[in-house]
Amino acid sequence: MVLLHVLFEHAAGYALFAVKEVEEIGMLLPQVEESVLSLGKFNSMVSLAAFFPFKSAQAALENMNAISEGVVHADLKLFLETNLPRSGKKKAALGVSDAKIGAALQEEFTISIQTGGVVAEITRGVRLHFHSLVKGLTAQAASKAQLGLGHSYSRAKVKFNVNRADNMIIQSIALLDQLDKDINTFSMRVREWYGYHFPELIKIVSDNSMYCRLAQLIGNRKELSEESLESLEEVVMDGAKAQAILEASRSSMGMDISPIDLINIERFSSRVVSLADYRLGLQEYLRSKMSQVAPNLAALIGEVVGARLISHAGSLTNLAKYPASTVQILGAEKALFRALKTRGNTPKYGLIFHSTFIGRAAAKNKGRISRYLANKCTIASRIDCFSEVPTSVFGDKLREQVEERLSFYETGDVPRKNVDVMKEAVKEATGVAAEIKRKLEKKEKKRKKREKKLQELQANGETNGEAKVVDGEVDAPVVKKKKKKQETEEMEVQADETPTAANGAEDASAKKKKQKIEVEATDDQAEEAATPAKKKKKRKTENVDPEPAEVIPEAVSEKKKKKRGKTE
């Protein structure tokens with residue numbers, strides 16, 4: 001008899017299940033498969049021996065990462081040491097779902113590990129009924145734990161991806177190749193479409209993007225004149241070619257075209273021109289990205305070919321792991337397997353054929369130079385992959401070596417030894433790396449200073465804001481007082497303008513004046529209480545001024561009374 005225990009890793013924790021009657025179960029595998037679905041039958045075969053819940057989500061993530069890498073975590077080791085029975089009459093065996101972690105456990109505990117067969121069926125049943133087998137764990141809590149751990153695990157994998165910089169290069173080179181195909185197809189469509197109207201332009205201008213720009217500029221060929229020569233020269237960059245286009249437009253065999261068709265051709269050609277401009281921008285982006293990620297490979301073989309090698313390998317680390325023989329024929333796998341199948345000649349080069357070195361070599365030396373270039377490419381990719389500070393010093397030196405090898409095949413001049421070249425490169429690289437580190441340190445210091453200044457400015461801004469609020473509270477009543485003054489002055493002016501024809505009107509005006517004087521007196525008292533001594537003086541002068549205005553209407557009224565007495 002074998003005492004089998006099955007280890008199950010869940011998002012909530014580790015669980016150890018004891019399996020009853022292992023030999024009988026092993027003999028009756030189909031019955032095990034059927035009994036997995038029903039909880040009652042499964043409980044009769046399996047019982048929970050121990051359960052170790054994770055303390056936090058961070059601990060669960062650490063254990064999950066360790067299991068995925070095939071490493072025994074300290075929590076798992078402690079759990080199995082305390083709960084797994086080793087001594088006894090029955091032989092103890094541990095069932096594990098993953099063979100990788102099983103091998104690590106076998107090294108750690110020197111115990112027989114079982115994977116597959118019965119263990120796989122039992123783990124399937126445990127996964128199905130886990131929340132029922134563990135007390136205090138509900139199905140909702142188990143699903144929440146699984147969802148949370150899954151999200152954190154995926155987030156960690158994406159965040160700490162070693163190849164995240166390489167992925168940008170892979171995507172940009174794929175887009176660049178696609179754009180080349182699309183621009184070529186679209187420009188041929190423009191040539192065919194605009195060729196009905198101006199067929200002679202195809203022979204004069206061979207470049208696709210230039211043709212599209214001209215189709216956009218010219219439009220109707222009958223409208224071309226001597227005035228449009230300058231704009232043609234700007235596009236074509238050749239005076240003779242611009243003159244040839246003008247002469248061809250005057251004696252063209254093309255058919256007339258409607259304005260609507262011309263508008264559509266111009267729109268389509270403008271789209272093609274914008275795509276060509278975007279392609280140039282993308283190529284510049286790829287160049288800058290390659291100088292950051294793989295500067296030595298870019299300096300040796302060029303940005304586009306280097307990016308194609310990284311894309312084909314999957315990442316820079318994969319390319320660094322390849323031997324030189326694999327890099328040499330990378331991209332020519334079909335030709336290689338066809339040659340092996342038909343027992344023909346194997347290919348001499350793959351993607352590296354697009355570099356300038358192989359094209360410059362003679363036919364008999366193409367194989368040798370491709371082999372040498374592949375060797376230097378592997379060195380450059382390994383330096384880029386494993387160096388801390390990226391520099392293009394080694395790439396430039398390796399390029400010089402390839403140039404010397406080319407001249408050796410042509411003229412017989414003996415090239416420098418690799419040891420001497422690498423010594424020079426190491427000296428230069430150390431100096432360049434030191435300079436880069438200094439610049440980075442300076443940038444970091446500047447950044448910290450800026451952050452400090454921003455924090456100080458924010459603190460000062462908060463204090464100024466508080467002061468402004470206080471000032472606003474103080475200034476508010478002053479504004480109200482000014483408004484009151486304006487109202488009283490307007491009332492006084494209106495009182496002066498009103499005619500005093502009747503005695504009743506005079507009495508009413510006198511009453512109003514008294515009320516105004518009382519209001520002014522109360523306002524003055526309030527102002528004197530609220531404002532400083534300087535403002536009091538101003539208000540006194542204001543109060544003194546309106547007195548003559550009040551005396552004048554009284555004198556007028558006395559004169560009128562005397563006249564009325566005489567008439568009576």
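Listed by first and then second residue, the pairs with beta-carbon distance under 9 Å, at least 6 apart or on different chains, first residue in the range 318-339 and touching a residue at least 40 places away in the same chain (Cβ under 8 Å) and in a helix (DSSP H, G or I), second open to solvent by 40 Å² or more (accessible area, probe 1.4 Å) and among the polar types (S, T, N, Q), are 324/375; 327/375; 328/375.
Condition first: open to solvent by 100 Å² or more (accessible area, probe 1.4 Å), in the same structural domain as residue 394 (by the TED database), touching a helix residue (DSSP H, G or I) at 6+ places or on another chain (Cβ under 9 Å) and under 30 Å from residue 376 (Cα atoms). Can you find one or more residues in the range 428-435 that meet it? Looking for residues that are open to solvent by 100 Å² or more (accessible area, probe 1.4 Å), in the same structural domain as residue 394 (by the TED database), touching a helix residue (DSSP H, G or I) at 6+ places or on another chain (Cβ under 9 Å) and under 30 Å from residue 376 (Cα atoms), one finds none in the range 428-435, hence no. Just to be sure, is residue 340 of a type outside the set (Val, Ile, Thr) and open to solvent by less than 20 Å² (accessible area, probe 1.4 Å)? It is false that residue 340 is of a type outside the set (Val, Ile, Thr) and open to solvent by less than 20 Å² (accessible area, probe 1.4 Å).
Within the range 64-91, being open to solvent by less than 20 Å² (accessible area, probe 1.4 Å) and either assigned to a strand (DSSP E or B) or small (Gly, Ala, Ser) (or both) holds for 66, 70.
Of all the numbered requirements in (1) in a helix (DSSP H, G or I); (2) surrounded by fewer than 16 Cβ atoms within 10 Å (Cβ to Cβ), residue 378 misses one, and that requirement is (2).
Among residues of the range 44-67 that are in the same structural domain as residue 141 (by the TED database), those with a Cβ under 7 angstrom from a residue that is polar (S, T, N, Q) and outside any strand (DSSP E or B), sequence gap 6+ or separate chain, pair up as 45/35; 49/83; 50/83; 54/63; 57/152; 61/152. Within the set 175, 246, 232, the sole residue that is of a type in the set (A, V, I, L, M, F, W, C) and closer than 16 Å to residue 277 by Cα turns out to be 175.
Across the range 343-357, the qualifying residues are those that are open to solvent by less than 60 Å² (accessible area, probe 1.4 Å) and among the hydrophobic types (A, V, I, L, M, F, W, C), and the one among them that is farthest from residue 406 (Cα to Cα) is 351. Within the range 309-318, the set of residues being surrounded by 15 or more Cβ atoms within 10 Å (Cβ to Cβ) and more than 17 Å from residue 372 (Cα to Cα) comprises 310, 311, 312, 313, 315, 316, 317, 318. Figure legend. Inter-residue proximity from the range 428-445: first residues under 12 Å from residue 391 (Cα atoms), second residues open to solvent by 90 Å² or more (accessible area, probe 1.4 Å), beta-carbon distance below 9 Å, spacing 6+ or different chains. Indicated pairs: 433/388.
Here is a yes/no grid of residues against (1) open to solvent by less than 10 Å² (accessible area, probe 1.4 Å); (2) closer than 25 Å to residue 428 by Cα:
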site	(1), (2)
304	no, no
307	yes, no
320	yes, yes
334	no, no
382	no, yes
403	no, yes
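Identify the residue in the range 108-135 that is part of a loop (DSSP other than H, G, I, E, B) and of a type in the set (A, V, I, L, M) and, among all such residues, is surrounded by the fewest Cβ atoms within 10 Å (Cβ to Cβ). Filtering the range 108-135 for residues that are part of a loop (DSSP other than H, G, I, E, B) and of a type in the set (A, V, I, L, M), the one surrounded by the fewest Cβ atoms within 10 Å (Cβ to Cβ) comes out as 111. If you go through the range 358-373 and keep only what is in contact (Cβ under 8 Å) with a residue 40 or more places away in the chain, within 17 Å of residue 324 (Cα to Cα) and surrounded by fewer than 22 Cβ atoms within 10 Å (Cβ to Cβ), you end up with 368, 371. I'd like to know if the range 47-60 contains one or more residues that are in a helix (DSSP H, G or I) and either among the acidic types (Asp, Glu) or at pLDDT below 80 (or both). No; the residues of the range 47-60 include none that is in a helix (DSSP H, G or I) and either among the acidic types (Asp, Glu) or at pLDDT below 80 (or both). Contact map, the range 254-277: residues that are surrounded by fewer than 12 Cβ atoms within 10 Å (Cβ to Cβ) paired with residues that are at pLDDT below 95, Cβ distance under 6 Å, separation 6+ or inter-chain. Pairs shown: 255/196.
Rundown of residues vs (1) at pLDDT 90 or above; (2) under 30 Å from residue 195 (Cβ atoms), yes/no style:
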{"residue": "252", "(1), (2)": "no, yes"}
{"residue": "265", "(1), (2)": "yes, yes"}
{"residue": "273", "(1), (2)": "yes, yes"}
{"residue": "288", "(1), (2)": "yes, no"}
{"residue": "297", "(1), (2)": "yes, no"}
{"residue": "308", "(1), (2)": "yes, no"}
{"residue": "311", "(1), (2)": "yes, no"}
{"residue": "316", "(1), (2)": "yes, no"}
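When the range 135-153 is limited to residues that are within 30 Å of the chain's Cα centre (by Cα) and of a type in the set (A, V, I, L, M), the one that is nearest to residue 69 (Cα to Cα) turns out to be 149.
The set of residues in the range 22-41 being at pLDDT 65 or above, assigned to a loop (DSSP other than H, G, I, E, B) and surrounded by fewer than 19 Cβ atoms within 10 Å (Cβ to Cβ) consists of 37, 38.
The values are calculated or read from the model by the stated rules, or taken from the named source; none is laboratory data. Small disclaimer: the values here were computed from a predicted structure and weren't measured. Methodologically, a virtual Cβ is constructed for each residue, glycine included, from the backbone with ideal geometry; neighbour enumeration extends over all protein chains shown. These accessible areas exclude ligands, DNA and RNA; they are computed on the full protein's heavy atoms, side chains included. Shrake-Rupley method; radii C 1.70, N 1.55, O 1.52, S 1.80 Å.
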